[in-house]
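Here the structure comes first, spelled out in C-alpha cells, and everything after it is commentary.
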Amino acid sequence: MLNFGRLDAAALTRTALRRAGHSRYSDLSFYEPLDKLLSAYENEAALSLFGRFAARFDILRCLTNLAHLDAAEAADPSITQRPIVAPLFITGLPRSSTTFLHTLLAQDPANAVPLCWQLIYPFPPRRPWFGKDRRRDVVEWQFRIFKLLSPGVSELHSLSAEAPQECTDITAQVFQSLRFDTTHHIPSYQTWFDQQAQDNAFRFHRRFLQNLDAQAPGRRWVLKSPDHVFCLDAITNTYPDARVVFLHRDPLSVVASCAKLTAVLRKPFTRAVDPVVVGKNVADRL
C-alpha cells in the first residue's frame, strides 16, 4: 500500500536543506518538538493516505522556511535587530469572533497583519514558478483543494490567501503549536506540549515577525490566536510592551462550535473521526 514513507525527522530535514540550497540550520531547537510530533502522527493520528502526504508536505514546507530564514538573516544580519514595537495580540476563547476583529483591524493601513500566504511561504522560491512570484496563487489553489476535501469548512472559517492568519501558523514552523492538535488526534504530542514553556516558540515568533517586517516596515503588528490564552507568559516575556485584547463568548456555545470545526478539519487527514472523542478533547481543553 502507498504510504509515502515513514515520517522520519532526519530524512525530512536533509530533504528540506537540499531544497533550500542550504547546508545546516543555525538553531536545532525545533528538532525535539518535530520528533514528538512525527511520533504522534505515526502512532496515534491514524493518518489517511492523503493525511500522510499532507503531513510530509507540511513538515517539509516548514523546514524549508527555516532554512530560508537562516539564509535571509545571513544576507542581512540587521533583520535580527529590528524592533517590534507594542504589538497587539487578540485572544480569547475559540470561536469568539477573534477572526472578525483581526480582519477589521487589518483595514487600517497603519496596522500590519500576517496574511495566510505570507505564513505559508514567507520567502520567494529559489526557482520561481513560471518565472514569477506566485505564492498567493499557489496558496489559493491549495485552499480550493482543501475546501473540496472538507465540505462545510468555508461556513465555519474563512480560507483565503489574502486573509489574516493566526500565530499558530508561525509557531508551527518550529513545531510548537496547537494547530497540529486541531487537525489531528495526537494526545502524546498534546501532553508533551502542555508540559513545555513556550518561550522558545515565541522567540522564534519574534524572529519570524522581524523577517516579515523587513519586507514591509513601518506599521504596527496586530496578531491573533485563541491559543494565546495558553502562553500569555511567553508572549509578555518576549514582547514586554505587548497589548492584549481578550474577547468573550458563552463557553457552552464555544465548545459546540469548536468541536464541530475540529471534526471538519480532521476529516481529510485521518481514516476515522470519532465525534465523541473530539467533543471530549475540546471540552477538556477549554
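Please tell me if Ile120 is modelled with pLDDT of 95 or more, of a type outside the set (Asp, Glu), touching a His at 6+ places or on another chain (Cβ under 7 Å) and open to solvent by less than 40 Å² (accessible area, probe 1.4 Å).
Judged against the criteria, Ile120 is not a match.
Please determine, by comparing only the residues of the range 154-209 that are outside any helix (DSSP H, G or I) and of a type in the set (A, V, I, L, M), which one is most open to solvent (accessible area, probe 1.4 Å).
Selected residue: Ala197.
Where residues in the range 236-277 are free of Cβ contacts under 8 Å to residues at least 24 places away in the same chain and part of a helix (DSSP H, G or I), which of them is least open to solvent (accessible area, probe 1.4 Å)?
Ala263
Would you mention how many residues in the range 60-98 are open to solvent by less than 60 Å² (accessible area, probe 1.4 Å) and acidic (Asp, Glu)?
Number satisfying all stated conditions: 2.
Restricting to the range 141-170, name every residue that is closer than 17 Å to Thr262 by Cβ and modelled with pLDDT of 90 or more.
Glu166, Thr168, Asp169
Do we find a residue being among the basic types (Lys, Arg) and at pLDDT 95 or above anywhere in the range 245-256?
No: the range 245-256 contains no residue that is among the basic types (Lys, Arg) and at pLDDT 95 or above.
Can you name every residue in the range 191-230 that is out of contact with any Leu (no Cβ under 8 Å at 6 or more places or on another chain) and within 25 Å of Lys260 (Cβ to Cβ)?
The answer is Thr191, Asp194, Ser225, His228.
Are any residues in the range 40-63 of a type in the set (A, V, I, L, M, F, W, C), assigned to a helix (DSSP H, G or I) and in contact with a strand residue (DSSP E or B) (Cβ under 7 Å, 6 or more places away or on another chain), and if so, which ones?
Listed by number, the list holds a single entry, Ala55.
Cβ-Cβ below 6 Å, separation at least six or inter-chain, first residue in the range 137-149 and more than 14 Å from Glu162 (Cβ to Cβ), second of a type in the set (Ser, Thr, Tyr) and open to solvent by 50 Å² or more (accessible area, probe 1.4 Å): which pairs?
If the second residue must be of a type in the set (Ser, Thr, Tyr) and open to solvent by 50 Å² or more (accessible area, probe 1.4 Å), the pairs left are Lys147/Ser154.
So, Pro122, is that one outside any strand (DSSP E or B) and within 17 Å of the chain's Cα centre (by Cα) or not?
It is true that Pro122 is outside any strand (DSSP E or B) and within 17 Å of the chain's Cα centre (by Cα).
Any residue in the range 82-90 that is in a helix (DSSP H, G or I) and in contact with a Leu (Cβ under 6 Å, 6 or more places away or on another chain)?
no
Quickly run through the range 135-146 and pick out the residues that are open to solvent by less than 70 Å² (accessible area, probe 1.4 Å), over 17 Å from the mean Cα position of the chain (by Cα) and among the charged types (D, E, K, R).
none
Leu37: open to solvent by 60 Å² or more (accessible area, probe 1.4 Å), farther than 25 Å from Pro125 by Cα, in a helix (DSSP H, G or I) and among the aliphatic types (A, V, I, L, M), yes or no?
So Leu37 does not fit the description; no.
Exactly one of these conditions fails for Asp76: (1) within 26 Å of Ser160 (Cα to Cα); (2) at pLDDT 95 or above. Give me its number.
Exception for Asp76: condition (1).
For residues that are in contact with a helix residue (DSSP H, G or I) (Cβ under 8 Å, 6 or more places away or on another chain) and part of a loop (DSSP other than H, G, I, E, B), scanning just the range 125-150, find the one that is farthest from Leu223 (Cα to Cα).
Only one residue fits best here, namely Arg126.
Which one of Ser23, Ser29 is in contact (Cβ under 8 Å) with a residue 60 or more places away in the chain, out of contact with any Pro (no Cβ under 6 Å at 6 or more places or on another chain) and not in a helix (DSSP H, G or I)?
Ser29
The values are calculated or read from the model by the stated rules, or taken from the named source; none is laboratory data. Just so you know, these numbers come straight off a predicted model, no measurement behind them. Quick reminder, even Gly has a Cβ in these numbers, built from the backbone with ideal geometry, and neighbours come from all protein chains shown. Keep in mind that these areas ignore ligands, DNA and RNA; they rest on the heavy atoms of the full protein, side chains included. Shrake-Rupley method; radii C 1.70, N 1.55, O 1.52, S 1.80 Å.
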